[in-house]
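Single-structure report; data block below.
Rule-based calculations on the coordinates, nothing more; no lab input. Computed from a predicted structure; not experimentally measured. Cβ placement follows ideal geometry from the backbone for every residue including glycine, while neighbour counts extend to all protein chains displayed.
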Amino acid sequence: MLRLNTELIDPLFFVYFNNSKLGQKQIENIKSAKATKQTELGVGNLLKLQFPLPSIEKQREIVLEIKNLETQIEDLKIKSVKNSNSAITEFEEAIFSQS
């Protein structure tokens, strides 16, 4: 469990950083257990993480932008499935309907 000073670091900003390529690369380099699939990060190792720390307001802006992008991605995935299904239906109707 990790507790952050939320006056300095937005928890979601920290999560997004840790899930980023830069964050994952650092975690891979500092994690304790290298032979198992379980990643162990002690306090000493967590203190080795380096990341940009903009103002809390800027962090919140970044988090909001990422959340908006994630929502757009989910919406587009749903539209993609609907469009694919619709295209298949239209194709089958055009090919197999008896005129």
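Please work out the FRET efficiency for the pair residue 21 and residue 76, using the Cβ-Cβ distance as r and a Förster radius of 25 Å; give the result to the nearest 0.05.
Result of the calculation: an efficiency of 0.70.
Is the C-alpha gyration tensor of the stretch 11-96 telling us rounded, prolate or oblate? Criteria: a/c under 1.5 is rounded; beyond that, a/b larger than b/c is prolate, otherwise oblate. Before the final figure, lay out the partial values.
Numbers: a/c = 5.54, a/b = 2.03, b/c = 2.73.
It is oblate, given that a/c is not under 1.5 and a/b is not larger than b/c.
What lysines does residue 31 reach when the alpha-carbon gap must be under 17 Å and sequence neighbours fewer than 8 apart in one chain are set aside?
21, 48
Under a point spin-label approximation (7 Å from Cα along Cα-to-Cβ), what is the residue 5-residue 92 distance to one decimal in nm?
6.1 nm
When the helix-only estimate is applied to the chain (DSSP H runs of n ≥ 4, each -39,500 (n - 2.57), divided by the residue count), what is the mean residue ellipticity at 222 nm, nearest 500 deg cm²/dmol?
Working: 4 runs with 64 residues, N = 99.
Per the formula, -21500 deg cm²/dmol.
Once phi is turned into ³J(HN,Hα) by the Karplus curve 6.51 cos²θ - 1.76 cosθ + 1.60 with θ = phi - 60°, what whole-Hz value does each residue of the stretch 60-66 show in order, with x for glycine and proline?
5, 4, 5, 4, 4, 5, 5
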